[in-house]
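Trainee: Structure incoming, see below.
The values are calculated or read from the model by the stated rules, or taken from the named source; none is laboratory data. The structure presented is a predicted model; accordingly, all values stated were derived computationally and were not measured. Virtual Cβ from ideal backbone geometry, glycine too; neighbours counted across all protein chains shown.
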Amino acid sequence: MENEIVYKEELAPEIKLMKVRAPLIARKAKSGQFVILRVSEDGERIPLTLIDWDPKNGTITLVFREVGATTKELGKLNVGDVIHDLVGPLGKPGEITLYGRVCVIGGGIAIAAAYERAKKLKEIGNNVVAIIGARTAEQLIFRDELKGLVDKLYVTTDDGSEGIKGYPSDVLKGLLESGEKFNLVYAVGPEALMKAVSEVTKPYKIKTIVSLNSLMVDGTGMCGCCRVTVGGKTMFTCVDGPEFDGHLVDFEELMARLRMYEEEEKLAIKVMEGCGCRS
Amino acid sequence: MQKLDVRLKQIPMPELPVEKRLQTFDEVALGYSEEQALAEAARCLQCTHPLCVEMCPLRIDVPGFIKLVRQGNYVEAAQKIRQENCMPAVCGRVCPQERLCVLGCKNVIGDPINIGGLERFVADYELETGVTIPDIAPSTGRSVAIVGSGPAGLSAAAELAKRGHHVVVFEALHEPGGVLTYGIPEFRLPKKVVKQEIDYVRRLGVEIKTNIVIGRTLTIDDLFDEGFKAVFIGSGAGLPKLLGIPGENLCGVYTLNEFLLRVNLMRAHLFPRGSKTPIRVRGRVAILGARGMDAARAALRLGAEEVCIFYQRKLVGRVDDIRRGIEEGVKLQPSTKPVKLLGDENRWVKLVELVKLKPGQPDKTGKTKLIPVLGSEFLYSAETVVIATDHVPNTVAAIKTARNVKVDEKRRTIIVDPETLMAADGVFAGGDVVSGAASVIEAIKAGKRAAQSIHAYLMKH
Ligand SMILES: Cc1cc2nc3c(=O)[nH]c(=O)nc-3n(C[C@H](O)[C@H](O)[C@H](O)COP(=O)(O)OP(=O)(O)OC[C@H]3O[C@@H](n4cnc5c(N)ncnc54)[C@H](O)[C@@H]3O)c2cc1C
Ligand SMILES: Cc1cc2nc3c(=O)[nH]c(=O)nc-3n(C[C@H](O)[C@H](O)[C@H](O)COP(=O)(O)OP(=O)(O)OC[C@H]3O[C@@H](n4cnc5c(N)ncnc54)[C@H](O)[C@@H]3O)c2cc1C
Ligand code: SF4
Ligand code: SF4
Ligand code: FES
């Protein structure tokens, strides 16, 4: 059945991977694109990155962190359950070309997306260095897969429980200062990380691509909810992006807009948890 | 026979009292009772050269259906309209009648007939009692794909299905209906009515597939590869145009589309219990642009303290709806133009700076442009702002994915042959995506016309 969950795995506490039957999306998906889904009849539409797709079996893979009402609700679904609505692939595909030496950076839940991009860049012959970071060791998803894939892997944790204590942007800074050269830096993760990475690469004039996580409703360019200023111009993340030149993105604006519904998000969780349905 | 003084006055449409309206999203116009409908129908002069018919884009036989109303044959009356118009319950509510059929009816003694009110009465009556499905031609074995499920797409689909073609409608959003579903608010057009009208189209045999973005999930070329013999693009004019002034990306600033999508499609007014999609309406609300009445009325219902529409010349909308909005407390400031938006330290919008406008020197054609009055800048404090200026056509479906479809770069519309609505071999287009933002009835008309040419095309191929 379409939109049926065919596989589910908990990668880490609150981080889940799901394979979903979606043959049309699987057939068209490209690296860097995303889907929008709704868990239930009264659900919110939320975007999730396509982490993998299998046109032959007609499935797509999503990886998400349970942060709010919708992702928690999604996390409760099991194999055999059906996602109410699923649309995609959306957004412009990322550029997968031969750059030479590339640094792929992923933070938190977005390590999954970084892994996908590293795989594609590697496949066509790039030399790939990956830097991944998470709050703590158990949150380092796709660590082993990356280790077997890339030419060099650096790992950071905020609390020092594994790898280097600090942020991936610090590691990148160190590499560049020690004379390492990259033709492309690709960063995906929390806005603060993408901003820091862009600031590190700017003086070296290294092409830096970031994948933005703006709030979205339709994901087809209709509403402008996802707008972001890039190089002084207003862009719609869902159709002009989600990938943009990190040196041109107004991250402060993006971060403010992501906080727009802070109070409502808390309320939604309260209502969800206080609904009396103990499952 | 009615007395003359009764005959002069239109039977007023019952409405929710103003004090009750703001507590609910329920429909404001309540519709005629049977008694009222009969009285209003009795006022019609049954003209032999009825201008009302001339002025209806679909040439609905107005005296004909009104005559059936008088005889109490409401279902037959509805069927008469439905022959020409697959959505009478929608059109009776949202057609700008004062510029169409009712304008044609100006030359009778007294007030014109409330044609929309009567159309709505019979259509609702028929929906309640169950719509009978007309005869459908035997299957032609040919399939047509429709892009977009707004009025243009649905009317094309209905016409083609009646002629025996297999029709599949592809809709990007999770619900069909286009602007009827995501744009026009519940208090003007209940979603239940839209659903019933769409159900009718489904019962003609039309298949509707939601969550498919043509141009992304499938391209138009894919559709041909899958065996569809013709494609109709009715993707509407749903792309927002921004103002291009400083501050419009501040928090609390919505485009009209985002505001209406959240309320109508996502039902944000029921947040957090009936819907998981939030909307922020606080304090004073500034609506910037002439298309803002629906958003303004929705904002009042969402608890705004004050709502003011700032616009240049003339509000877009039906007279009845503009009147109702003003009754509900929407304030209007014509001849003004926003200059910039100012925010606080958290990047939330706080103030709108506007300037007053006055007519400038007439140009060669005698038209005057509005120009800013020097030094007339003023501030309006607002915590929520809605940008409600223009919409441009949504051509995601056409661009790059369809054989040789051409788009007018400036207007962003799809270029078609005006007679056949053909955009390229086998590809047809109509509704807002061709005309630019227009009306429901014009979209229905375009869908019907396209269906005729698609039918002719299919019979040749
Ligand atoms: C193109 C795109 C791709 C994405 N891909 C993934 C993905 O692969 N996996 C994944 O887990 N998440 C992804 N996200 C983020 C994901 O959409 C949000 O986590 C989700 O919308 C949160 O919904 P919620 O109702 O569970 O939480 P909410 O209640 O809406 O939010 C809870 C918390 O999450 C934060 N938050 C909300 N929306 C976002 C957002 N868009 N980005 C970052 N933080 C947010 C809020 O500030 C808040 O602190 C993506 C976002 C975009 C725009
Ligand atoms: C707020 C508002 C109020 C209005 N009020 C009135 C009124 O009172 N009376 C009146 O007569 N007119 C009114 N109009 C105008 C009227 O609604 C439109 O002219 C009419 O709906 C146009 O019909 P359409 O079928 O061309 O497009 P739409 O109704 O816009 O439908 C287009 C559909 O196509 C879908 N779509 C777009 N791209 C794709 C794609 N690539 N793949 C799949 N699907 C796609 C969209 O999601 C949408 O559902 C109003 C418009 C707005 C915005
Ligand atoms: S379809 Fe619209 S314009 Fe035509 S008669 Fe009915 S209300 Fe009037
Ligand atoms: S013009 Fe007016 S009075 Fe004459 S037939 Fe039409 S609705 Fe009746
Ligand atoms: S999410 Fe609506 S325009 Fe991008």
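Trainee: Of these, A:G75, A:G80, which one is part of a helix (DSSP H, G or I), more than 21 Å from A:P242 (Cα to Cα) and either within 16 Å of ligand 3 (Cβ to nearest atom) or not hydroxyl-bearing (S, T, Y) (or both)?
Mentor: Details: A:G80 fails: part of a helix (DSSP H, G or I).
Just one listed residue meets the conditions, A:G75.
Trainee: Is there a residue being in a helix (DSSP H, G or I), under 30 Å from B:D320 (Cα atoms), more than 10 Å from every other protein chain (Cβ to nearest Cβ) and of a type in the set (A, V, I, L, M, F, W, C) anywhere in the range B:230-239? Give the steps one after another, and end with the answer.
Mentor: Step one: filter the range B:230-239 for residues in a helix (DSSP H, G or I), giving none.
No; the residues of the range B:230-239 include none that is in a helix (DSSP H, G or I), under 30 Å from B:D320 (Cα atoms), more than 10 Å from every other protein chain (Cβ to nearest Cβ) and of a type in the set (A, V, I, L, M, F, W, C).
Trainee: Exactly one of these conditions fails for B:N249: (1) more than 8 Å from every other protein chain (Cβ to nearest Cβ); (2) surrounded by fewer than 23 Cβ atoms within 10 Å (Cβ to Cβ). Give me its number.
Mentor: (1)
Trainee: Among the residues of the range B:18-68, how many are under 30 Å from B:G329 (Cα atoms) and hydrophobic (A, V, I, L, M, F, W, C)? Walk me through it before giving the result.
Mentor: Here is the first cut: in the range B:18-68, the residues under 30 Å from B:G329 (Cα atoms) are B:18-33, B:36-37, B:40.
Narrowing further to those that are hydrophobic (A, V, I, L, M, F, W, C): B:18, B:22, B:25, B:28-30, B:37.
Of the residues in the range B:18-68, 7 are under 30 Å from B:G329 (Cα atoms) and hydrophobic (A, V, I, L, M, F, W, C).
Trainee: Would you check if there is a residue in the range B:246-256 being closer than 22 Å to B:E353 by Cα and assigned to a helix (DSSP H, G or I)? Break it down into steps so the answer makes sense when it comes.
Mentor: Just the residues of the range B:246-256 that are closer than 22 Å to B:E353 by Cα, to begin with: B:246-256.
When the remaining residues are screened for being assigned to a helix (DSSP H, G or I), the result is B:256.
Yes.
Trainee: Here is a further query. Return the total of residues in the range A:95-153 being assigned to a helix (DSSP H, G or I) and either under 16 Å from A:S211 (Cβ atoms) or in contact with a Lys or Arg (Cβ under 8 Å, 6 or more places away or on another chain) (or both). Before the answer, list the steps.
Mentor: The initial filter retains those residues of the range A:95-153 that are assigned to a helix (DSSP H, G or I), namely A:108-123, A:137-139, A:143-149.
Retained after the next criterion (residues that are either under 16 Å from A:S211 (Cβ atoms) or in contact with a Lys or Arg (Cβ under 8 Å, 6 or more places away or on another chain) (or both)): A:108-121, A:149.
Summing the residues that are assigned to a helix (DSSP H, G or I) and either under 16 Å from A:S211 (Cβ atoms) or in contact with a Lys or Arg (Cβ under 8 Å, 6 or more places away or on another chain) (or both) in the range A:95-153 gives 15.
Trainee: Same structure again: Are any of the residues in the range A:36-45 more than 10 Å from chain B (Cβ to nearest Cβ), more than 16 Å from ligand 5 (Cβ to nearest atom) and polar (S, T, N, Q)?
Mentor: Looking through the range A:36-45, none of the residues is more than 10 Å from chain B (Cβ to nearest Cβ), more than 16 Å from ligand 5 (Cβ to nearest atom) and polar (S, T, N, Q).
Table: residues versus (1) within 16 Å of A:E44 (Cβ to Cβ); (2) more than 11 Å from ligand 1 (Cβ to nearest atom).
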| residue | (1), (2) |
| --- | --- |
| A:A187 | no, yes |
| A:A196 | no, yes |
| A:P203 | no, yes |
| A:D218 | yes, yes |
| A:C226 | yes, no |
| A:G232 | no, yes |
| A:E243 | no, no |
| A:D250 | no, yes |
| A:R259 | no, no |
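Trainee: Listed residues A:V200, A:V239, A:V271; which is at the interface with chain B (Cβ under 8 Å from one of its Cβ atoms) and either under 24 Å from A:L121 (Cβ atoms) or within 16 Å of ligand 5 (Cβ to nearest atom) (or both)? Step through it out loud before you land on a result.
Mentor: Details: A:V200 fails: at the interface with chain B (Cβ under 8 Å from one of its Cβ atoms); A:V271 fails: either under 24 Å from A:L121 (Cβ atoms) or within 16 Å of ligand 5 (Cβ to nearest atom) (or both).
Being at the interface with chain B (Cβ under 8 Å from one of its Cβ atoms) and either under 24 Å from A:L121 (Cβ atoms) or within 16 Å of ligand 5 (Cβ to nearest atom) (or both) holds for just one of A:V200, A:V239, A:V271, which is A:V239.
Trainee: On the given criteria, is B:R7 on the phi > 0 side of the Ramachandran plot and within 14 Å of ligand 4 (Cβ to nearest atom)?
Mentor: no
Trainee: Something else: May I ask you to say which residue of B:L243, B:L261 is hydrophobic (A, V, I, L, M, F, W, C), in contact (Cβ under 8 Å) with a residue 60 or more places away in the chain, surrounded by 22 or more Cβ atoms within 10 Å (Cβ to Cβ) and not assigned by TED's automatic domain parsing to the domain that holds B:E15?
Mentor: Working: B:L243 fails: surrounded by 22 or more Cβ atoms within 10 Å (Cβ to Cβ).
Only one candidate qualifies: B:L261.
Trainee: Can you name every residue in the range B:208-229 that is touching a His at 6+ places or on another chain (Cβ under 8 Å) and more than 10 Å from chain A (Cβ to nearest Cβ)?
Mentor: Keep residues of the range B:208-229 that are touching a His at 6+ places or on another chain (Cβ under 8 Å), which gives B:210-211, B:229.
Answer for the range B:208-229, where residues must be touching a His at 6+ places or on another chain (Cβ under 8 Å) and more than 10 Å from chain A (Cβ to nearest Cβ): just B:K229.
Trainee: Here's another thing I want to ask about it. Return the only residue of A:A256, A:A192 being within 11 Å of another protein chain (Cβ to nearest Cβ) and among the small types (G, A, S).
Mentor: Numbers: A:A192 fails: within 11 Å of another protein chain (Cβ to nearest Cβ).
Exactly one residue qualifies, and that residue is A:A256.
Trainee: For the range B:257-277, enumerate the residues that are within 16 Å of ligand 5 (Cβ to nearest atom) and not in a loop (DSSP other than H, G, I, E, B).
Mentor: Across the range B:257-277, the qualifying residues are B:N257, B:E258, B:F259, B:L260, B:L261, B:R262, B:V263, B:N264, B:L265, B:A268.
Trainee: Hey, A:E73 hits all of (1) within 14 Å of chain B (Cβ to nearest Cβ); (2) within 17 Å of the chain's Cα centre (by Cα) but one; which does it fall short on?
Mentor: Unmet for A:E73, out of (1) within 14 Å of chain B (Cβ to nearest Cβ); (2) within 17 Å of the chain's Cα centre (by Cα): (2).
Trainee: Of the conditions (1) farther than 13 Å from A:K28 by Cβ; (2) surrounded by fewer than 22 Cβ atoms within 10 Å (Cβ to Cβ); (3) touching a strand residue (DSSP E or B) at 6+ places or on another chain (Cβ under 7 Å), B:R203 satisfies every one except a single condition; which number is it?
Mentor: Tallying (1) farther than 13 Å from A:K28 by Cβ; (2) surrounded by fewer than 22 Cβ atoms within 10 Å (Cβ to Cβ); (3) touching a strand residue (DSSP E or B) at 6+ places or on another chain (Cβ under 7 Å), B:R203 fails exactly one: (3).
Trainee: When the range A:217-236 is examined, which residues are found to be more than 10 Å from chain B (Cβ to nearest Cβ) and either part of a loop (DSSP other than H, G, I, E, B) or surrounded by 24 or more Cβ atoms within 10 Å (Cβ to Cβ) (or both)?
Mentor: Once the filter is applied, which keeps residues that are more than 10 Å from chain B (Cβ to nearest Cβ) and either part of a loop (DSSP other than H, G, I, E, B) or surrounded by 24 or more Cβ atoms within 10 Å (Cβ to Cβ) (or both), the range A:217-236 yields A:G231, A:G232.
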